[in-house]
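The values are calculated or read from the model by the stated rules, or taken from the named source; none is laboratory data. Everything numeric in this text was worked out from a predicted model, so none of it was measured. With ideal geometry, Cβ positions are generated from the backbone for all residues, glycine too; neighbour counts draw on all protein chains shown. Side chains included, ligands, DNA and RNA excluded: accessible areas come from the protein's heavy atoms. Shrake-Rupley method; radii C 1.70, N 1.55, O 1.52, S 1.80 Å.
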Amino acid sequence: ISNSVGVASALMLYILRLFLKANISSVFLCCFLVEKPRHRQSELVKRSKHEAWMTWNLRHGLESLPVALAHALEARGVEVLRNRACERLDTSANRVKVHVGGADSGIEVDAVISAIPAWKLSDLVMPSHPMLASHLQKISAVTVALVSFEFDGKVLPTEAFGYLVPSHQPSKALGVVFDSCSFPEHDRKGRPSTRLTVMMGGHWFTELFGNRDSVAEGQLVAIARETIADHLGIEAEPTRVFIRVQKDCIPQYAVGHHETMNAIDQYIEDRSLPLTLVGSSYRTVAVNDIVDTAIQAADQLCDKLAVNR
């Protein structure tokens, strides 16, 4: 139900947070509030603060975070429906009916937490709340192509996180991340190597590369190699190349986004809709902040449910 690891983690953490504070009768339903747990910092969090970490990663990639959270939820008896698309939400002041693919009838729940993109949620609420849908449709997202290279030896001219290209510069790249500098532990074992990733597209994807569904991988690789040769002087042949086209992966906070969010929040509040929004479409696109806002939203929802019961 998410188009990014960060948002998936936010949703899973959100649900886990709710479960720890309340009994859950379904993946969407929260009821019977229990004692509010005290906020505790793990040893890992304490270490990160003491050592002033600037970035972090996981041994098997960020995907392992939502996977671990899903396992933790299921171990506590939470039902997680996989590969079952949500087709429609019918909301009222007290209940929500969630129409899920493959189900004969909707699932009735007390509250819904949505971590899917705003434009996707707009389709689900359009039949019952067209005005809310129109606000959600204003929050668009763009597509980014990622081309990751591995080279033999140390080929970077300097050690750094990477760089972004200013929009006024004549470049087809958005920026380059020096993966080996940020996370050298993920480099291959044995002889020295260098990993880096070129980011391209964004708002200009169609203008630069055409249809995102049919763009040629060879074209993306050629532009990426031209970019690192021009910017970094790297002309060596890569030993490995990975190409990914991430569709609608970065929400766009256009001028007026703050007013759009106010309108969305006001609509939900005025009608007492049991709908909570988390994820990158609304208030932040950074993984750390997405998780933090999900925790805050879970606390607020549990407090609200406690008052209503």
Residue 62 being at pLDDT below 55 and among the aliphatic types (A, V, I, L, M): no
Expected single match for among the aliphatic types (A, V, I, L, M), touching a Gly at 6+ places or on another chain (Cβ under 9 Å), open to solvent by 50 Å² or more (accessible area, probe 1.4 Å) and in contact (Cβ under 8 Å) with a residue 12 or more places away in the chain among 245, 285 is 285
The condition of being polar (S, T, N, Q), modelled with pLDDT of 95 or more and open to solvent by 20 Å² or more (accessible area, probe 1.4 Å) holds, among 182, 148, only for 148
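In region 203-231, which residues are exposed (fewer than 13 other Cβ atoms within 10 Å of the Cβ), of a type in the set (D, E, K, R) and outside any loop (DSSP other than H, G, I, E, B)? Talk me through it step by step, then tell me what you get.
At the first step, the residues of region 203-231 found to be exposed (fewer than 13 other Cβ atoms within 10 Å of the Cβ) are 207, 210-211, 213-214, 216, 218, 222, 229-230.
Going one step further and asking which of them are of a type in the set (D, E, K, R), we end up with 207, 213, 230.
Scanning region 203-231 gives 207, 230.
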Has region 124-144 got at least one residue that is open to solvent by 30 Å² or more (accessible area, probe 1.4 Å), touching an Asp or Glu at 6+ places or on another chain (Cβ under 9 Å) and over 29 Å from residue 261 (Cβ atoms)? no
